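The values are calculated or read from the model by the stated rules, or taken from the named source; none is laboratory data. Everything numeric in this text was worked out from a predicted model, so none of it was measured. Reconstructed Cβ throughout: ideal geometry from the backbone, glycine too, with neighbour counts over all protein chains shown. Just so you know, the surface numbers come from the protein's heavy atoms only, side chains and all, with ligands and any DNA or RNA stripped out. Shrake-Rupley method; radii C 1.70, N 1.55, O 1.52, S 1.80 Å.
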Amino acid sequence: MKRRSFLRSAGTGAIAAMTVGAPLAQGAPLVEPLGRMPRIAFGGIASECSTYSNIRQVITDANILRGEALAANERFAFLKRYEMPFLPTLVAVFPSGGPLARATYEAIKADYLDRLKALLPLDGVYLPMHGALAVDGMEDAEGDWYEATRKLVGPACILSASYDLHGNFSRKIVDTLDAMSAYRTAPHVDRVETMMRATDMLTHALRTGERPSIVWASIPIVLPGEQTSTEWEPGRRLWSDLSEYNRLSGILDVTTLVGYVWADEPRSAASIVVTGTNRAMQTLIATELASRYWAARREFRFDFPTGTIAQTLAQAMASQTHPVIISDSGDNPGGGGNADQSFFLQAVLDAGAKNVLLGGMTDKPATDACYAAGVGATIPLSVGATLDPIMCKPVKVEATVKYLAKAADPADREAVISFRGVTMTLAARRRAYHEADAFRSLGEEPLKYDIVVLKCGYLAPTMKPLANPHLMALSPGAIDQDILHLANKRRGPRFPWQPDLPYVPQPYFSPR
């Protein structure tokens, strides 16, 4: 390692001579100046798609930024700190949910490629992605996106991507990308840092002429994010020292991916991805970290009590402390759930639970009916199962409209209703009610309720301190946390389905 060799070989006198204010030796600059200004484009597509969902996402579900609107977006403000300009194409972000309809994906990809083509020639492309995109009739959507990008920009252009911790990886991706980095925290609190690692690698390569490459080790294990949080063991230790590996010779980034368990695809697995210019060191790191992750496979667990809907509800009703916050985990829209399942609502009514706050039901017809009736009206409603009527059935209630949020667009409507000791939020479109402020903005204080049911997995930072205690229901839905019951039709052998599966890391690098 050059830096460490230099420090060992430099005597104490030489080090002492390097004092503050001492003139630098004449010669080449320490940082190579740009010979010419490189041309860099950026654009991508992101979602977290459960292949177990009956919903298909279409273009109206996406938030798409194009051209100057993309360049001016706050999410990408950090790009302005670079000397090299980043030229916008488009970024399409879909909410977590079901797979994209094939026509929707192809239309967005064609738009992206047209915009990319107009910017040619290019020296680099930054791709802000997620890693768990699913498209009808396609097994590796990100790989397809990168392959189309590579075909257009040519073999000399450097491609660097940023990922979610819960992304999946594949050989096709290794064969097309040059660099990547992913979140190192779950819950995710390092979004900007991750994107900057990916863009730093890209700009560094263009400045120095040193082209990076990826070494990848797939690990045949895939678990829910709720078992692999970096806030408790073994996740805490498995991610906490990754930055130390970045300091090794020829290493630019070291990433550990949990994978996305609700994608029944061949690529669905955990991964170690090492970007650098020292293939031997990259291979050693990938092997070491893959072996370490595999050795910890039986330690992964939920860090809170779990049970069926009936079990968690009974425990909450018997609790002497409040509020008891229960995660309706199978219907979490933040992980790919529908947010319209009525299983928990029906269970609450059947059990006769009172002073309950139910958050996050998506039901446009019921929400619109509340707006038509007005605050204070009591009306018959059919609640739930409007997006996916296959998995469950709607629940009939006589509800009083408590609150209607101001909304210029009918798609943004939110209502609060009450019935039989239950208060429930309704929304015209899928949205996450994970933060305390999501309820407070609707006039509801979670602390006033005995039981709060959220369509979520682990609790958000603002909700976690309120839980007294927190329980997680292993409820049915598109992202069922009771993963041993998931059907695996396209995924290969994996832990925990095959608990005694043998494994020896076999790092892969592209022949490119």
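Near residue 221, the amide H atoms lying under 5 Å from its own belong to 270, 495; only residues 5 or more places off or on other chains count, and H is placed 1.01 Å from N.
Amide H to amide H distances under 5 Å link residue 86 with no residue, where only residues 5 or more positions off or on other chains count and H is placed in the peptide plane.
By a 1.4 Å probe calculation restricted to protein chains, residue 55 has an accessible surface near 30 Å², given to the nearest 10.
Using a Förster distance of 51 Å, how high is the FRET efficiency between residue 295 and residue 60, based on the Cβ-Cβ distance and rounded to 0.05? Before the final figure, lay out each step's value.
Working: r = 46 Å, r/R0 = 0.90.
Efficiency, rounded to the nearest 0.05: 0.65.
Which of the listed residues, 433, 379, 360, is farthest toward the dipole's positive end in segment 347-451, when Lys, Arg count +1 and Asp, Glu count -1 at the beta-carbon? Sorting the options by dipole projection puts first 379.
Each label was represented as a point 7 Å from its Cα along the Cα-to-Cβ direction; for residue 368 and residue 107 these points are 2.0 nm apart. Amide H contacts of residue 44: 90, 91, 92, each under 5 Å away and 5 or more positions distant or on a separate chain (H built 1.01 Å from N in the peptide plane; Pro and chain starts excluded).
Just list whichever of 109/393; 109/464; 80/117 have alpha carbons separated by over 32 Å in the model shown.
Over 32 Å Cα-Cα: 109/393; 109/464.
Given a Förster radius of 41 Å and the C-beta distance between residue 77 and residue 244 as r, what FRET efficiency does 1/(1 + (r/R0)^6) yield to the nearest 0.05? Could the numbers behind the result be given before it?
Numbers: r = 29 Å, r/R0 = 0.71.
Calculated transfer efficiency: 0.90.
Karplus-based coupling profile of segment 117-128, in residue order and whole Hz: 4, 5, 9, 4, x, 10, 9, x, 9, 9, 10, x, with θ = phi - 60° in 6.51 cos²θ - 1.76 cosθ + 1.60 and x standing for Gly or Pro. Put 363, 114 in order of accessible area, highest first, and with a 1.4 Å probe you get 114, 363. Classify segment 102-186 from the C-alpha gyration tensor, please: rounded if a/c falls under 1.5, else prolate or oblate depending on whether a/b exceeds b/c. It is oblate, given that a/c is not under 1.5 and a/b is not larger than b/c. Each 10 Å bin from zero holds the following percent of Cα-Cα pairs in the chain: 4, 18, 26, 24, 16, 8, 3, 1, 0.
The charge dipole of the chain, taken about its Cα centre with unit charges on the Cβ of Lys, Arg, Asp and Glu (plus for the first two, minus for the last two), comes to roughly 1080 debye.
Any chance you could run the full-extension gain for residue 355 through residue 441? It's 0.36 nm times the residue separation minus the Cα-Cα distance, nm to one decimal.
Values: separation 86, 0.36 × 86 = 30.96 nm, distance 1.93 nm.
Gain in length upon complete extension: 29.0 nm.
Rg/Rh, computed from the Cα trace of segment 42-181 with Rh as the Kirkwood radius, has the value 0.94. From helices alone, the chain scores -7500 deg cm²/dmol at 222 nm; the rule is -39500 (n - 2.57) for each run of n ≥ 4 DSSP H residues, then divide by the residue total.
Couplings 3J(HN,Hα) of segment 463-474, computed from phi: 9, 4, x, 7, 6, 8, x, 9, 10, 10, 7, 7 Hz, in residue order, whole Hz [Karplus 6.51 cos²θ - 1.76 cosθ + 1.60, θ = phi - 60°; x for Gly and Pro]. Each label point was placed 7 Å from the Cα along the Cα-to-Cβ direction; for residue 317 and residue 210 their separation is 6.4 nm. Debye calculation, C-alpha points only, no solvent: report log10 I(q)/I(0) for segment 257-368 at q = 0.18, 0.22 Å⁻¹, in the same order as the q values. Reported log10 I(q)/I(0), two decimals: -1.03, -1.27. Treating r as the C-beta distance of residue 277 and residue 408 and R0 as 56 Å, the FRET efficiency rounds to 0.60. Backbone phi angles across segment 443-449, fed through the Karplus curve with coefficients 6.51, -1.76 and 1.60 (θ = phi - 60°), yield HN-Hα couplings of x, 10, 9, x, 5, 7, 9 Hz in residue order; Gly and Pro are listed as x.
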